[in-house]
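Report on the structure given below.
No value in this document is a laboratory result; all are computed from the given coordinates. Source: prediction; values computed, not measured. Glycine also receives a Cβ, built like all others from the backbone with ideal geometry; neighbour counts cover every protein chain displayed.
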Amino acid sequence: MRNILYFEADRRAINITMNSSGIDLSPDSRCLVLSKYGTLYTRGQFELAQFEVPERIRAAMRKDPTFCSMSTSLIVYSEDFIERILCEQEMKFCDTTFQEQFNYATFYGCLKRREQEIRNIVWVAECISQGQKHKVNDGIVLNM
């Protein structure tokens, strides 16, 4: 359960950093917005708060073992691509929760998988309603 919560906190820190890269925020005020939890906490989050350039965000992700494998696959920086990779990693964490016993991680993993299933259904419905059937597979994150 701790791994999933750490990942969720780090994921939110990365999303906040990506979304606030064009905004005039001081690094100190950006640090206040980031959570004080996760594997990126302290050193990694401080580095994320300092960066304005998206490529530097990827460099900060490389320093953490959880995100190191993901950052090597990020050849092209795109917020949608990073979000997709983070969703896939989250589904892998949710799959491992079913191997644990006697804790709430199993319920959390089940709920997160259900949320992803609903997002996939909404994506397919939107693609069909907009006549973009060729893009159906682009937004679906499979439950591994």
Gain on full stretching of the segment that runs from Lys133 to Glu115 - 0.36 nm per residue minus C-alpha separation: 4.3 nm
Whole-number percent relative contact order across the chain, with pairs defined as alpha carbons under 8 Å at least 6 apart: 20 percent
Under 10 Å, Cβ to Cβ, from Arg113 - net charge with Lys/Arg +1 and Asp/Glu -1: -2
Matching label, mean projected area of the Cα convex hull in nm² computed from the structure shown, candidates (i) 10.5; (ii) 9.6; (iii) 8.1: (ii)
Global form of segment 90-136, assessed from the alpha-carbon gyration tensor, a/c cut-off 1.5: prolate
Segment 1-60: GluC sites (Glu not before Pro) in DSSP coil with no more than 16 other Cβ atoms inside 10 Å: Glu52
